[in-house]
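First comes the structure, then the notes that go with it.
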Amino acid sequence: MVDKVNVDFRVSTLPAYHGESVVLRILRPDSVRVGIQSLGFEEEDYKIFQKTIKRPNGIFLVTGPTGSGKTTTLYAALNELNRPDKKIITAEDPVEYNFSGINQCQVRDAIGLSFSKILRAMLRQAPNIILVGEIRDKEVAEVAIQAALTGHLVFSTLHTNDAPGAITRLIDMGVKPFLVASSIQAVLGQRLIRALCPKCKVPDKEPDAMWMKLAGIKPEDLKDKNVYKPRGCDYCSGTGFRGRVGIFELMNLNSEIRTLAFERAPTNKIRKAALAGGMKSLLADGRLKVLSGITTAEEVVKVAQMEGIVTV
């Protein structure tokens, strides 16, 4: 218990040559109830996100590597939609946070209670909204799509590097392209970056030219704007950073992207169409946060460039 709040740990152990390797994931109940506005959305993406999660049916996917905040984003959406007139059921492995008013089911492969079996049972429970912890294979994907096409709103996660990659990943799993094209409403790609400490950050009068270039920030972008750098104080334990914030790319499926999905187009073509349709890349969203003084160019480039996304 910390500050009179129970804190859970998700523990993974592995016997290694020099002893036991242990990893702890800290699960604080208050961290998942931050609210959608606190996740870090820019105004335009926030409006699209709100509109998408309030649709009556379809699939909303969140993509990104392990530890990129996918679960927190989906829980924030469910928290917003959790009303007495909405029946919400989840299938998770494991159930990390408990919510009152939501029916949460724990996957137990040892007794045959898999994602697909829970999903099929869910559809007989008359839910309005379904959360599938992760789409791992063709069977789960097809049941989720069937649920979306029969009037349910389905949330799930997928391990892809970016939002457009989710389309080709599902098709590569064996899902028919016309089902992907007709069921998915939007895909959100995200990463987490460290936010500068609000109490000690200082203006960076001579920002590193290399990081600025890699982040796509030109000298003319800095006119009338300050970028900041970390300093360190007691509030941030001398690190210069306090907390984390998301950078996002939100791909809303329009008719062109649906056509490309139906035609089995490669990811780069879908990405090009998404950017032309108004999607901001991870790097572009990060750039806005640098120019707003929320973080540094180095922080953004570490996670956005890592996947080869250095241009928009």
Does Gly243 meet the test of being touching a helix residue (DSSP H, G or I) at 6+ places or on another chain (Cβ under 7 Å), open to solvent by 10 Å² or more (accessible area, probe 1.4 Å) and at positive phi? no
Given the structure, is Leu74 touching a residue at least 12 places away in the same chain (Cβ under 8 Å), in contact with a Phe, Trp or Tyr (Cβ under 8 Å, 6 or more places away or on another chain) and open to solvent by 80 Å² or more (accessible area, probe 1.4 Å)? no
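For region 1-50, enumerate the residues that are acidic (Asp, Glu) and within 15 Å of Thr71 (Cα to Cα). Talk me through it step by step, then tell me what you get.
If we filter region 1-50 for residues that are acidic (Asp, Glu), which is where we start, we get 3, 8, 20, 30, 42-45.
Selection gives Asp30 alone.
Have a look at Gly58, Gly69 and point out the one that is at pLDDT below 90, of a type in the set (Gly, Ala, Ser) and buried (at least 19 other Cβ atoms within 10 Å of the Cβ).
Answer to the selection: Gly69.
With respect to Lys117, is the statement that it is closer than 23 Å to Pro56 by Cβ, open to solvent by 60 Å² or more (accessible area, probe 1.4 Å) and outside any strand (DSSP E or B) true? It would help to see each step written out before you state the result.
Numbers: closer than 23 Å to Pro56 by Cβ: no; open to solvent by 60 Å² or more (accessible area, probe 1.4 Å): yes; outside any strand (DSSP E or B): yes.
Judged against the criteria, Lys117 is not a match.
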Taking the conditions exactly as written (open to solvent by 10 Å² or more (accessible area, probe 1.4 Å), assigned to a loop (DSSP other than H, G, I, E, B) and at pLDDT 90 or above), does Lys47 satisfy them or not? no
Breaking point among (1) at pLDDT 95 or above; (2) within 28 Å of Ile171 (Cα to Cα), for Phe241: (2)
Please enumerate the residues belonging to region 255-278 that are open to solvent by less than 50 Å² (accessible area, probe 1.4 Å) and assigned to a loop (DSSP other than H, G, I, E, B). Ala265, Gly278
Conditions first: (1) more than 28 Å from Met122 (Cα to Cα); (2) of a type in the set (Gly, Ala, Ser); (3) at pLDDT 95 or above. Ala186 passes all but one, so which condition is the exception? (1)
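Tell me, please, whether a residue that is within 25 Å of Leu27 (Cβ to Cβ), aliphatic (A, V, I, L, M) and part of a loop (DSSP other than H, G, I, E, B) can be found in region 95-102.
At the first step, the residues of region 95-102 found to be within 25 Å of Leu27 (Cβ to Cβ) are 95-102.
From what is left, the residues that are aliphatic (A, V, I, L, M) are 95, 102.
Filter again for part of a loop (DSSP other than H, G, I, E, B), leaving 95, 102.
Taking every residue of region 95-102 in turn, at least one turns out to be within 25 Å of Leu27 (Cβ to Cβ), aliphatic (A, V, I, L, M) and part of a loop (DSSP other than H, G, I, E, B).
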For region 24-37, indicate whether the set of residues that are at pLDDT 90 or above and either more than 14 Å from Phe155 (Cα to Cα) or touching a Phe, Trp or Tyr at 6+ places or on another chain (Cβ under 8 Å) (or both) is non-empty. yes
Conditions first: (1) open to solvent by 10 Å² or more (accessible area, probe 1.4 Å); (2) touching a residue at least 40 places away in the same chain (Cβ under 8 Å); (3) within 15 Å of the chain's Cα centre (by Cα); (4) at negative phi. Tyr97 passes all but one, so which condition is the exception? (3)
Collect the residues in region 140-173 that are in contact (Cβ under 8 Å) with a residue 12 or more places away in the chain and of a type in the set (Asp, Glu), keeping them in residue-number order. Glu142, Asp162
Which of (1) open to solvent by less than 80 Å² (accessible area, probe 1.4 Å); (2) farther than 19 Å from Pro266 by Cα; (3) not acidic (Asp, Glu) is the odd one out, the single condition Arg108 does not satisfy? (1)
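The values are calculated or read from the model by the stated rules, or taken from the named source; none is laboratory data. None of the values given here were measured: they were computed from a predicted structure. Note that each Cβ is placed from the backbone with ideal geometry, even for glycine, and that neighbours are counted across all protein chains shown. Ligands, DNA and RNA are excluded from the accessible area calculation, which covers all protein heavy atoms including side chains. Shrake-Rupley method; radii C 1.70, N 1.55, O 1.52, S 1.80 Å.
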